[in-house]
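Engineer: Sharing a structure below in structure tokens format, with a few things to ask.
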Amino acid sequence: MSLPMEKQSIEEHLYTCDDYYSWDDEKRWELIDGSAYLMSPSPSWKHQGISGNLHRQLANYLNDKSCKVFAAPFDVRLNADTDDNTVVQPDLVIICDKTKLDDKGCNGAPDMVIEILSPSTTSRDTVKKFRLYQKSGVREYWIVDPDSKTVSVHLLENGRYITTAYDEEDTAPVNVLEGCEINLPDVFAL
């Protein structure tokens with residue numbers, strides 16, 4: 001199927017992962033339940049700084065452990081075994097089951113996903129992806145807001161997310177990694 005057009009209504013076409021991987025384009029896309037979403041050309045310096053600070057703390061903690069952290073762009077195919085119509089590129093993911101890794105990225109739900117809000121992605125990250133990650137079984141989902149300097153941590157319990165909020169002065173535990181804590185003052189220090 002041809003590459004989606006930027007202004008095309010998302011109801012006009014439904015795509016698969018095969019379509020997604022056939023697009024030869026300079027633009028980055030996400031595919032959610034068959035609908036294509038154009039991603040911003042490049043995140044702000046604040047977004048990138050926060051991503052780097054989070055990645056550094058997580059990578060340092062995971063240095064001698066089996067779980068690994070990956071930064072965008074990194075494809076996550078959440079339902080490749082069923083509908084095969086969803087490919088997302090979270091800002092950061094933690095994967096503990098190495099059998100989920102292949103040449104295209106991650107096949108299945110990561111243990112943890114972190115999305116850093118941008119003006120163009122806030123609605124998608126807080127509503128559409130929230131539901132998607134919950135349904136797919138992502139055990140821990142963090143939404144980081146650079147403007148308010150807050151982190152919403154969503155933990156999956158009985159198929160539903162339970163939310164805890166942290167601000168720039170807190171230390172936030174990473175629940176999927178025993179003993180790991182993220183120093184938020186360092187994350188937001190830019």
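Engineer: Tell me which residues, restricted to the stretch 27-38, are under 17 Å from the mean Cα position of the chain (by Cα) and part of a loop (DSSP other than H, G, I, E, B).
Structural biologist: Those that are under 17 Å from the mean Cα position of the chain (by Cα) and part of a loop (DSSP other than H, G, I, E, B): Arg28, Asp33.
Engineer: A further question on this structure: Can you report the number of residues in the stretch 106-164 which are part of a strand (DSSP E or B), touching a strand residue (DSSP E or B) at 6+ places or on another chain (Cβ under 9 Å) and over 19 Å from Phe74 (Cα atoms)? Full working, then the answer.
Structural biologist: First, pick out the residues of the stretch 106-164 that are part of a strand (DSSP E or B): 106-107, 112-116, 140-145, 150-157, 160-164.
Now drop any that are not touching a strand residue (DSSP E or B) at 6+ places or on another chain (Cβ under 9 Å), which leaves 106-107, 112-116, 140-145, 150-156, 161-164.
Imposing the further condition that a residue be over 19 Å from Phe74 (Cα atoms) reduces the set to 145, 150-156, 161-164.
The number of residues fulfilling the criteria is 12.
Engineer: Moving on to the next point. How many of the residues in the stretch 111-137 are without any contact (Cβ under 8 Å) to a residue 60 or more places away in the chain and in contact with a Leu (Cβ under 9 Å, 6 or more places away or on another chain)?
Structural biologist: Counting residues in the stretch 111-137 that are without any contact (Cβ under 8 Å) to a residue 60 or more places away in the chain and in contact with a Leu (Cβ under 9 Å, 6 or more places away or on another chain) gives 9.
Yes/no matrix, rows are residues, columns are (1) at negative phi; (2) in a helix (DSSP H, G or I); (3) at pLDDT 85 or above; (4) buried (at least 16 other Cβ atoms within 10 Å of the Cβ):
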site	(1), (2), (3), (4)
Ser40	yes, no, no, no
Ile50	yes, yes, yes, yes
Asn53	yes, yes, yes, yes
Tyr61	yes, yes, yes, yes
Ser66	yes, no, yes, no
Phe74	yes, no, yes, yes
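Engineer: Moving on to the next point. Working only within the stretch 40-66, note down all residues that are free of Cβ contacts under 8 Å to residues at least 60 places away in the same chain, within 16 Å of the chain's Cα centre (by Cα) and within 18 Å of Asp125 (Cβ to Cβ).
Structural biologist: Ser42, Gln48, His55
Engineer: Still on this structure, I have one more. Please determine, by comparing only the residues of the stretch 165-189 that are part of a loop (DSSP other than H, G, I, E, B), over 21 Å from Asp125 (Cβ atoms) and not aliphatic (A, V, I, L, M), which one is nearest to the chain's Cα centre (by Cα).
Structural biologist: Cys180
The values are calculated or read from the model by the stated rules, or taken from the named source; none is laboratory data. This is a predicted model, so every value here is computed, not measured. When we count neighbours, we look across all protein chains shown, and the Cβ atoms used for this are built from the backbone with ideal geometry, even at glycine.
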